[in-house]
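Heads up: the structure comes next, in C-alpha coordinates.
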Amino acid sequence: MNAMNSRPTRPAIFIGRPNRVDSARCAALIDEVWNSFHFTNFGPMEARFASAVRDYLGARAAMLYVNGHTALESLIRGLGAPGEIITTPYTFASTLHAIVNQGCTPVFCDIEPGGVNIDPAGVEALITPRTRAILGVHVFGVPCRHDALAEIAHRHGVRLIYDAAHAFGARMADGRHVATLGDASILSFHATKIFHSVEGGAVVLNSDAIDLPALRAHRNFGQTAEGDVLAGGSNGKMSELHAAVGIANLETFAAELAGRQQMAAHYRRRLGDNPRFDQLPEGASRNASYYPVFLKGDIADLAERRQKVQAFLAGRGIVARPYFHPCLSETSGFAVHAAGRRFPHAERLARSSLCLPLYAELDPEEQEHILSSLEAAVA
Ligand code: T4K
(Lines give C-alpha, C1' and ligand atoms only; values in the text may rest on other atoms or scores of the structure.)
Protein backbone atom coordinates (compact mmCIF):
# COMPACT_ATOMS: atom_id res chain seq x y z
CA MET A 1 0.00 0.00 0.00
CA ASN A 2 1.23 3.48 -0.81
CA ALA A 3 2.00 5.04 2.57
CA MET A 4 1.13 8.49 1.18
CA ASN A 5 -2.42 7.40 0.40
CA SER A 6 -2.99 5.23 3.40
CA ARG A 7 -5.26 6.64 6.02
CA PRO A 8 -5.78 4.90 9.31
CA THR A 9 -8.66 2.49 8.81
CA ARG A 10 -11.60 3.64 10.82
CA PRO A 11 -14.77 1.74 11.51
CA ALA A 12 -17.69 2.81 9.34
CA ILE A 13 -19.66 5.73 10.69
CA PHE A 14 -23.29 4.75 10.42
CA ILE A 15 -26.21 7.14 10.06
CA GLY A 16 -27.17 6.33 13.62
CA ARG A 17 -26.08 4.27 16.56
CA PRO A 18 -28.59 3.04 19.14
CA ASN A 19 -28.14 5.07 22.29
CA ARG A 20 -26.16 3.30 24.94
CA VAL A 21 -28.12 1.73 27.73
CA ASP A 22 -26.60 1.52 31.22
CA SER A 23 -25.92 -2.21 31.06
CA ALA A 24 -25.78 -2.77 34.85
CA ARG A 25 -29.11 -1.03 35.34
CA CYS A 26 -30.59 -2.86 32.41
CA ALA A 27 -29.31 -6.22 33.68
CA ALA A 28 -30.87 -5.55 37.09
CA LEU A 29 -34.23 -4.79 35.48
CA ILE A 30 -33.99 -7.83 33.25
CA ASP A 31 -33.18 -9.96 36.32
CA GLU A 32 -36.44 -8.72 37.79
CA VAL A 33 -38.18 -10.00 34.68
CA TRP A 34 -36.50 -13.43 34.85
CA ASN A 35 -37.40 -13.73 38.51
CA SER A 36 -41.00 -12.68 37.97
CA PHE A 37 -41.60 -15.43 35.35
CA HIS A 38 -43.88 -12.91 33.66
CA PHE A 39 -42.26 -12.34 30.28
CA THR A 40 -45.01 -10.79 28.19
CA ASN A 41 -48.77 -10.13 27.97
CA PHE A 42 -48.97 -6.94 30.02
CA GLY A 43 -46.63 -7.61 32.93
CA PRO A 44 -45.41 -5.26 35.65
CA MET A 45 -42.41 -3.98 33.66
CA GLU A 46 -44.66 -3.02 30.73
CA ALA A 47 -46.93 -1.15 33.14
CA ARG A 48 -43.94 0.66 34.68
CA PHE A 49 -42.56 1.65 31.31
CA ALA A 50 -45.98 2.89 30.14
CA SER A 51 -46.25 5.10 33.25
CA ALA A 52 -42.68 6.35 32.78
CA VAL A 53 -43.38 7.32 29.15
CA ARG A 54 -46.67 8.97 30.10
CA ASP A 55 -45.03 10.95 32.91
CA TYR A 56 -42.02 11.94 30.82
CA LEU A 57 -44.32 13.32 28.11
CA GLY A 58 -46.88 14.80 30.48
CA ALA A 59 -49.53 12.94 28.46
CA ARG A 60 -52.97 11.71 29.49
CA ALA A 61 -52.07 8.11 28.74
CA ALA A 62 -49.51 6.07 26.85
CA MET A 63 -50.12 2.56 25.55
CA LEU A 64 -47.07 0.51 24.64
CA TYR A 65 -46.68 -1.56 21.52
CA VAL A 66 -44.34 -4.07 19.98
CA ASN A 67 -43.36 -1.40 17.44
CA GLY A 68 -44.43 1.98 16.14
CA HIS A 69 -46.07 0.54 13.05
CA THR A 70 -48.53 -1.61 14.98
CA ALA A 71 -49.22 1.36 17.25
CA LEU A 72 -50.22 3.38 14.19
CA GLU A 73 -52.48 0.62 12.86
CA SER A 74 -54.13 0.44 16.26
CA LEU A 75 -54.60 4.19 16.44
CA ILE A 76 -56.23 4.25 13.01
CA ARG A 77 -58.49 1.43 14.19
CA GLY A 78 -59.46 3.69 17.09
CA LEU A 79 -60.76 6.35 14.68
CA GLY A 80 -63.91 4.30 14.05
CA ALA A 81 -65.29 3.26 10.67
CA PRO A 82 -62.79 3.35 7.79
CA GLY A 83 -62.67 6.45 5.62
CA GLU A 84 -60.20 8.84 4.04
CA ILE A 85 -57.08 9.97 5.83
CA ILE A 86 -55.25 13.05 4.58
CA THR A 87 -51.50 12.61 4.87
CA THR A 88 -48.11 13.37 3.37
CA PRO A 89 -46.32 11.36 0.70
CA TYR A 90 -42.97 12.39 2.27
CA THR A 91 -42.80 9.81 5.04
CA PHE A 92 -41.66 6.27 5.76
CA ALA A 93 -43.67 3.48 4.13
CA SER A 94 -45.08 2.50 7.53
CA THR A 95 -47.44 5.50 7.59
CA LEU A 96 -49.09 4.52 4.34
CA HIS A 97 -49.20 0.78 5.04
CA ALA A 98 -50.94 1.45 8.34
CA ILE A 99 -53.65 3.50 6.63
CA VAL A 100 -54.30 0.99 3.88
CA ASN A 101 -54.04 -2.08 6.14
CA GLN A 102 -56.81 -0.61 8.28
CA GLY A 103 -59.11 -0.31 5.28
CA CYS A 104 -58.72 3.45 4.96
CA THR A 105 -57.85 5.46 1.87
CA PRO A 106 -54.83 7.76 1.95
CA VAL A 107 -55.37 11.17 0.38
CA PHE A 108 -52.03 12.80 -0.33
CA CYS A 109 -51.34 16.43 0.47
CA ASP A 110 -48.01 17.99 -0.52
CA ILE A 111 -45.55 19.29 2.06
CA GLU A 112 -44.96 22.96 2.74
CA PRO A 113 -42.60 24.78 0.37
CA GLY A 114 -39.30 25.06 2.24
CA GLY A 115 -40.49 22.62 4.93
CA VAL A 116 -40.65 18.88 5.47
CA ASN A 117 -44.21 18.42 6.75
CA ILE A 118 -47.77 18.41 5.41
CA ASP A 119 -48.90 21.82 4.19
CA PRO A 120 -51.97 23.02 6.12
CA ALA A 121 -52.78 25.30 3.18
CA GLY A 122 -53.40 22.23 1.02
CA VAL A 123 -55.36 20.18 3.54
CA GLU A 124 -58.71 21.93 3.61
CA ALA A 125 -59.49 21.45 -0.08
CA LEU A 126 -59.02 17.69 0.39
CA ILE A 127 -61.62 17.29 3.11
CA THR A 128 -64.76 15.40 2.03
CA PRO A 129 -67.67 13.84 3.92
CA ARG A 130 -65.58 10.64 3.99
CA THR A 131 -62.58 12.23 5.75
CA ARG A 132 -61.90 10.58 9.10
CA ALA A 133 -58.64 12.26 10.03
CA ILE A 134 -55.66 14.36 9.15
CA LEU A 135 -52.49 12.38 9.81
CA GLY A 136 -49.42 14.61 10.08
CA VAL A 137 -45.90 13.25 10.38
CA HIS A 138 -43.36 15.24 12.41
CA VAL A 139 -40.59 14.39 9.98
CA PHE A 140 -37.05 14.46 11.49
CA GLY A 141 -38.54 15.79 14.77
CA VAL A 142 -39.73 19.01 13.10
CA PRO A 143 -43.24 19.67 14.43
CA CYS A 144 -46.08 19.99 11.93
CA ARG A 145 -47.87 23.34 11.88
CA HIS A 146 -50.15 22.12 14.60
CA ASP A 147 -52.25 25.23 15.26
CA ALA A 148 -53.26 25.54 11.63
CA LEU A 149 -54.02 21.82 11.31
CA ALA A 150 -55.97 21.78 14.58
CA GLU A 151 -58.08 24.71 13.46
CA ILE A 152 -58.98 22.98 10.19
CA ALA A 153 -59.67 19.66 11.93
CA HIS A 154 -61.86 21.34 14.51
CA ARG A 155 -63.84 23.32 11.94
CA HIS A 156 -64.58 20.20 9.89
CA GLY A 157 -65.12 17.83 12.81
CA VAL A 158 -62.35 15.44 11.79
CA ARG A 159 -59.67 13.91 14.01
CA LEU A 160 -56.09 15.15 14.01
CA ILE A 161 -53.53 12.45 14.68
CA TYR A 162 -49.77 12.37 14.31
CA ASP A 163 -47.07 9.93 13.36
CA ALA A 164 -44.50 11.16 15.87
CA ALA A 165 -42.12 8.24 15.22
CA HIS A 166 -39.21 10.72 14.99
CA ALA A 167 -40.33 13.10 17.70
CA PHE A 168 -39.57 11.54 21.09
CA GLY A 169 -38.11 14.24 23.36
CA ALA A 170 -39.09 17.05 20.98
CA ARG A 171 -40.82 19.99 22.65
CA MET A 172 -42.78 22.99 21.41
CA ALA A 173 -41.64 26.49 22.40
CA ASP A 174 -44.12 26.45 25.31
CA GLY A 175 -42.58 23.25 26.70
CA ARG A 176 -45.32 20.84 25.56
CA HIS A 177 -44.00 17.60 24.14
CA VAL A 178 -44.68 17.39 20.40
CA ALA A 179 -45.95 13.84 20.96
CA THR A 180 -48.87 15.20 22.99
CA LEU A 181 -50.33 17.32 20.17
CA GLY A 182 -53.61 16.50 18.43
CA ASP A 183 -56.06 13.79 19.46
CA ALA A 184 -53.32 11.18 19.64
CA SER A 185 -49.86 10.33 18.31
CA ILE A 186 -47.71 7.30 17.82
CA LEU A 187 -44.05 6.96 18.74
CA SER A 188 -41.44 4.50 17.52
CA PHE A 189 -38.93 3.06 19.97
CA HIS A 190 -36.96 1.23 17.27
CA ALA A 191 -33.21 0.89 17.77
CA THR A 192 -32.58 3.45 15.04
CA LYS A 193 -34.67 6.11 16.78
CA ILE A 194 -33.51 8.80 19.18
CA PHE A 195 -34.97 6.79 22.03
CA HIS A 196 -35.46 3.04 21.91
CA SER A 197 -36.46 -0.15 23.63
CA VAL A 198 -34.72 -2.16 20.84
CA GLU A 199 -38.13 -2.59 19.17
CA GLY A 200 -41.18 -0.84 20.50
CA GLY A 201 -43.65 1.94 20.12
CA ALA A 202 -46.51 3.72 21.79
CA VAL A 203 -49.83 5.41 21.25
CA VAL A 204 -49.98 8.66 23.18
CA LEU A 205 -53.56 9.67 23.87
CA ASN A 206 -54.63 13.24 24.25
CA SER A 207 -58.42 13.25 23.81
CA ASP A 208 -61.55 11.19 24.40
CA ALA A 209 -62.27 11.14 20.68
CA ILE A 210 -60.25 7.96 20.17
CA ASP A 211 -61.98 4.64 20.80
CA LEU A 212 -59.75 3.29 23.57
CA PRO A 213 -61.42 -0.14 23.87
CA ALA A 214 -60.95 -0.59 20.11
CA LEU A 215 -57.24 0.19 20.45
CA ARG A 216 -56.85 -2.20 23.36
CA ALA A 217 -58.67 -4.93 21.47
CA HIS A 218 -56.60 -4.40 18.34
CA ARG A 219 -53.38 -4.70 20.34
CA ASN A 220 -54.48 -8.07 21.75
CA PHE A 221 -55.94 -10.21 18.92
CA GLY A 222 -59.20 -8.27 18.78
CA GLN A 223 -60.22 -9.56 22.21
CA THR A 224 -62.42 -7.12 24.11
CA ALA A 225 -62.72 -6.65 27.85
CA GLU A 226 -66.26 -8.06 27.57
CA GLY A 227 -65.05 -11.35 26.10
CA ASP A 228 -65.98 -10.63 22.49
CA VAL A 229 -63.52 -10.85 19.58
CA LEU A 230 -63.39 -8.09 16.95
CA ALA A 231 -62.20 -8.80 13.41
CA GLY A 232 -58.78 -7.60 12.31
CA GLY A 233 -57.00 -7.84 15.66
CA SER A 234 -53.24 -7.90 15.88
CA ASN A 235 -50.54 -8.90 18.35
CA GLY A 236 -49.09 -5.57 19.42
CA LYS A 237 -47.98 -6.40 22.95
CA MET A 238 -44.64 -5.17 24.22
CA SER A 239 -42.59 -7.82 26.06
CA GLU A 240 -41.23 -7.35 29.56
CA LEU A 241 -37.65 -7.50 28.27
CA HIS A 242 -38.24 -4.68 25.83
CA ALA A 243 -39.94 -2.66 28.55
CA ALA A 244 -36.94 -3.20 30.83
CA VAL A 245 -34.60 -1.81 28.16
CA GLY A 246 -36.94 1.12 27.66
CA ILE A 247 -37.00 1.97 31.37
CA ALA A 248 -33.20 1.86 31.64
CA ASN A 249 -32.83 3.89 28.48
CA LEU A 250 -35.27 6.58 29.57
CA GLU A 251 -33.21 7.16 32.72
CA THR A 252 -30.22 8.31 30.65
CA PHE A 253 -32.10 9.79 27.71
CA ALA A 254 -31.47 13.43 28.70
CA ALA A 255 -27.75 12.99 27.93
CA GLU A 256 -28.49 11.49 24.50
CA LEU A 257 -30.83 14.36 23.66
CA ALA A 258 -28.38 17.04 24.79
CA GLY A 259 -25.49 15.36 22.95
CA ARG A 260 -27.42 15.18 19.70
CA GLN A 261 -28.55 18.77 19.98
CA GLN A 262 -24.93 19.87 20.39
CA MET A 263 -23.85 17.79 17.39
CA ALA A 264 -26.67 19.20 15.26
CA ALA A 265 -25.82 22.77 16.26
CA HIS A 266 -22.21 22.12 15.29
CA TYR A 267 -23.26 20.72 11.88
CA ARG A 268 -25.38 23.83 11.35
CA ARG A 269 -22.62 26.29 12.37
CA ARG A 270 -19.84 24.52 10.54
CA LEU A 271 -21.75 23.99 7.27
CA GLY A 272 -22.90 27.61 7.29
CA ASP A 273 -24.82 28.53 4.18
CA ASN A 274 -23.19 26.16 1.74
CA PRO A 275 -24.66 27.12 -1.67
CA ARG A 276 -24.86 23.47 -2.78
CA PHE A 277 -27.52 22.40 -0.32
CA ASP A 278 -30.24 23.62 2.02
CA GLN A 279 -30.48 22.70 5.67
CA LEU A 280 -33.23 22.87 8.23
CA PRO A 281 -33.11 26.17 10.11
CA GLU A 282 -31.30 25.98 13.45
CA GLY A 283 -33.52 24.31 16.04
CA ALA A 284 -36.23 23.34 13.50
CA SER A 285 -35.85 19.74 14.58
CA ARG A 286 -36.75 19.97 18.24
CA ASN A 287 -34.86 16.83 19.21
CA ALA A 288 -32.10 16.60 16.58
CA SER A 289 -33.23 13.11 15.76
CA TYR A 290 -31.87 13.40 12.20
CA TYR A 291 -29.57 15.80 10.37
CA PRO A 292 -30.74 16.10 6.76
CA VAL A 293 -29.21 18.24 4.02
CA PHE A 294 -31.15 18.87 0.80
CA LEU A 295 -29.13 19.15 -2.40
CA LYS A 296 -30.06 22.07 -4.63
CA GLY A 297 -30.47 21.97 -8.39
CA ASP A 298 -32.58 20.66 -11.24
CA ILE A 299 -34.98 17.99 -10.00
CA ALA A 300 -34.29 15.91 -13.11
CA ASP A 301 -30.81 14.92 -11.99
CA LEU A 302 -31.05 15.42 -8.22
CA ALA A 303 -31.45 11.74 -7.33
CA GLU A 304 -28.46 10.79 -9.43
CA ARG A 305 -26.31 13.56 -7.90
CA ARG A 306 -27.36 12.52 -4.45
CA GLN A 307 -26.39 8.93 -5.20
CA LYS A 308 -22.94 10.16 -6.19
CA VAL A 309 -22.58 12.15 -2.97
CA GLN A 310 -23.74 9.14 -0.98
CA ALA A 311 -21.26 6.89 -2.78
CA PHE A 312 -18.43 9.40 -2.23
CA LEU A 313 -19.20 9.47 1.48
CA ALA A 314 -19.47 5.68 1.58
CA GLY A 315 -15.98 5.56 0.05
CA ARG A 316 -14.82 7.47 3.11
CA GLY A 317 -16.56 5.11 5.49
CA ILE A 318 -19.60 7.33 6.07
CA VAL A 319 -23.08 5.87 5.81
CA ALA A 320 -25.51 8.68 4.94
CA ARG A 321 -29.12 7.83 4.09
CA PRO A 322 -31.71 9.36 1.74
CA TYR A 323 -34.69 9.44 4.10
CA PHE A 324 -37.31 9.29 2.58
CA HIS A 325 -36.89 7.90 -0.85
CA PRO A 326 -38.86 7.28 -3.01
CA CYS A 327 -41.72 9.74 -2.57
CA LEU A 328 -44.59 7.40 -1.67
CA SER A 329 -46.98 8.95 -4.22
CA GLU A 330 -44.58 7.66 -6.89
CA THR A 331 -44.32 4.05 -5.67
CA SER A 332 -45.96 0.92 -7.06
CA GLY A 333 -47.78 0.43 -3.79
CA PHE A 334 -49.30 3.87 -3.43
CA ALA A 335 -49.27 5.75 -6.77
CA VAL A 336 -52.88 4.68 -7.22
CA HIS A 337 -53.78 7.02 -4.35
CA ALA A 338 -52.08 9.95 -6.07
CA ALA A 339 -54.61 9.58 -8.90
CA GLY A 340 -52.29 11.39 -11.28
CA ARG A 341 -51.73 14.36 -8.97
CA ARG A 342 -48.17 15.58 -8.43
CA PHE A 343 -46.56 16.71 -5.19
CA PRO A 344 -43.64 18.85 -6.32
CA HIS A 345 -42.26 19.76 -2.91
CA ALA A 346 -42.36 16.20 -1.57
CA GLU A 347 -41.00 14.83 -4.85
CA ARG A 348 -38.07 17.22 -4.68
CA LEU A 349 -37.14 16.37 -1.09
CA ALA A 350 -37.41 12.67 -1.79
CA ARG A 351 -34.70 13.17 -4.45
CA SER A 352 -32.55 15.68 -2.61
CA SER A 353 -32.42 14.73 1.07
CA LEU A 354 -29.45 13.03 2.61
CA CYS A 355 -29.28 12.42 6.36
CA LEU A 356 -25.86 12.64 7.96
CA PRO A 357 -24.72 10.46 10.87
CA LEU A 358 -25.98 11.83 14.16
CA TYR A 359 -25.85 10.34 17.64
CA ALA A 360 -24.54 11.55 20.98
CA GLU A 361 -21.44 9.35 20.94
CA LEU A 362 -20.31 10.63 17.54
CA ASP A 363 -16.74 11.72 18.10
CA PRO A 364 -15.90 15.38 17.22
CA GLU A 365 -13.09 14.09 15.03
CA GLU A 366 -15.55 11.80 13.21
CA GLN A 367 -17.93 14.70 12.79
CA GLU A 368 -15.17 16.77 11.25
CA HIS A 369 -14.42 13.89 8.88
CA ILE A 370 -18.10 13.84 7.85
CA LEU A 371 -18.19 17.62 7.37
CA SER A 372 -15.05 17.84 5.27
CA SER A 373 -16.12 14.78 3.25
CA LEU A 374 -19.53 16.29 2.53
CA GLU A 375 -17.95 19.56 1.43
CA ALA A 376 -15.60 17.66 -0.86
CA ALA A 377 -18.45 15.53 -2.20
CA VAL A 378 -20.61 18.48 -3.26
CA ALA A 379 -17.80 20.75 -4.43
N1 T4K B 1 -43.41 6.19 10.94
C2 T4K B 1 -42.25 6.73 10.56
C3 T4K B 1 -42.26 8.14 10.06
C4 T4K B 1 -41.07 5.99 10.63
O5 T4K B 1 -39.90 6.55 10.22
C6 T4K B 1 -41.11 4.66 11.11
C7 T4K B 1 -39.91 3.87 11.15
C8 T4K B 1 -42.35 4.15 11.54
C9 T4K B 1 -43.49 4.94 11.43
C10 T4K B 1 -42.49 2.77 12.08
O11 T4K B 1 -41.86 2.61 13.35
P12 T4K B 1 -41.33 1.10 13.77
O13 T4K B 1 -42.41 0.13 13.47
O14 T4K B 1 -40.05 0.83 13.01
O15 T4K B 1 -41.10 1.25 15.26
C16 T4K B 1 -35.28 2.28 9.78
C17 T4K B 1 -36.13 1.67 10.87
O18 T4K B 1 -36.24 0.25 10.77
C19 T4K B 1 -37.49 2.25 10.99
O20 T4K B 1 -37.86 2.09 12.36
C21 T4K B 1 -37.53 3.72 10.64
N22 T4K B 1 -38.83 4.32 10.69
C23 T4K B 1 -36.95 3.97 9.27
C24 T4K B 1 -36.97 5.42 8.85
O25 T4K B 1 -35.61 3.55 9.30
P26 T4K B 1 -33.67 1.35 8.00
O27 T4K B 1 -33.94 0.39 6.92
O28 T4K B 1 -33.15 2.68 7.61
O29 T4K B 1 -32.71 0.76 9.15
P30 T4K B 1 -31.29 0.09 9.02
O31 T4K B 1 -31.37 -1.31 9.55
O32 T4K B 1 -30.74 0.25 7.67
O33 T4K B 1 -30.46 0.93 10.05
C34 T4K B 1 -30.00 2.24 9.79
C35 T4K B 1 -28.61 2.41 10.38
O36 T4K B 1 -28.65 2.29 11.79
C37 T4K B 1 -27.63 1.41 9.88
O38 T4K B 1 -26.79 2.09 8.98
C39 T4K B 1 -26.84 0.93 11.08
C40 T4K B 1 -27.53 1.54 12.27
N41 T4K B 1 -28.03 0.49 13.18
C42 T4K B 1 -29.24 -0.09 12.91
C43 T4K B 1 -29.72 -1.06 13.75
C44 T4K B 1 -31.07 -1.71 13.48
C45 T4K B 1 -27.28 0.14 14.26
O46 T4K B 1 -26.19 0.70 14.47
N47 T4K B 1 -27.77 -0.81 15.10
C48 T4K B 1 -28.96 -1.44 14.90
O49 T4K B 1 -29.37 -2.32 15.71
O50 T4K B 1 -35.09 1.44 8.70
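Here are some notes:
- Residues of the stretch 213-223 satisfying the condition of being closer than 11 Å to Arg77 by Cβ and open to solvent by 40 Å² or more (accessible area, probe 1.4 Å): Pro213, Arg216
- Here Glu226 does not fit the description of being buried (at least 22 other Cβ atoms within 10 Å of the Cβ) and away from the ligand (no atom under 15 Å from the Cβ).
- Put simply, of Ala209, Ala202 the only residue that is aliphatic (A, V, I, L, M) and at pLDDT 95 or above is Ala202.
- A search for C-beta distances below 8 Å between a residue of the stretch 220-234 that is under 19 Å from Ala71 (Cβ atoms) and any residue that is open to solvent by 40 Å² or more (accessible area, probe 1.4 Å) and among the aromatic types (Phe, Trp, Tyr), counting only pairs 6+ apart in sequence or on different chains, returns Gly233/Phe221; Ser234/Phe221.
- Subset of the stretch 244-258 that is more than 18 Å from the chain's Cα centre (by Cα) and of a type in the set (Gly, Ala, Ser) - its residue that is surrounded by the most Cβ atoms within 10 Å (Cβ to Cβ): Ala244
- Close pairs from the stretch 188-201: first open to solvent by 30 Å² or more (accessible area, probe 1.4 Å), partner not in a loop (DSSP other than H, G, I, E, B), Cβ under 6 Å, at least 6 apart: Val198/His242; Val198/Val245
- Strands (runs of 3 or more DSSP E) wholly inside the stretch 128-212 containing at least 3 residues that are closer than 19 Å to Arg286 by Cα, within 15 Å of the ligand (Cβ to nearest atom) and not charged (D, E, K, R): 184-188
- Unique residue being farther than 28 Å from Ile85 by Cα, crowded, with 20+ Cβ neighbours inside 10 Å, within 13 Å of the ligand (Cβ to nearest atom) and among the hydrophobic types (A, V, I, L, M, F, W, C) when the list is Leu328, Leu358: Leu358
- Some residue of the stretch 265-280 being surrounded by 15 or more Cβ atoms within 10 Å (Cβ to Cβ) and of a type in the set (Gly, Ala, Ser): no
- Taking the criterion of being farther than 23 Å from Tyr65 by Cα and acidic (Asp, Glu), the residues of the stretch 241-295 that qualify are Asp273, Asp278, Glu282.
- Some residue of the stretch 310-325 being crowded, with 21+ Cβ neighbours inside 10 Å, more than 16 Å from the ligand (Cβ to nearest atom) and of a type outside the set (Lys, Arg): no
The values are calculated or read from the model by the stated rules, or taken from the named source; none is laboratory data. Predicted model only: the values in this text are computed from it and were never measured. As a convention, Cβ positions derive from the backbone with ideal geometry for all residues, glycine included, and neighbour counts pool all protein chains shown. For the accessible areas, the whole protein counts, side chains as well, though only heavy atoms, and no ligand, DNA or RNA atoms are used. Shrake-Rupley method; radii C 1.70, N 1.55, O 1.52, S 1.80 Å.
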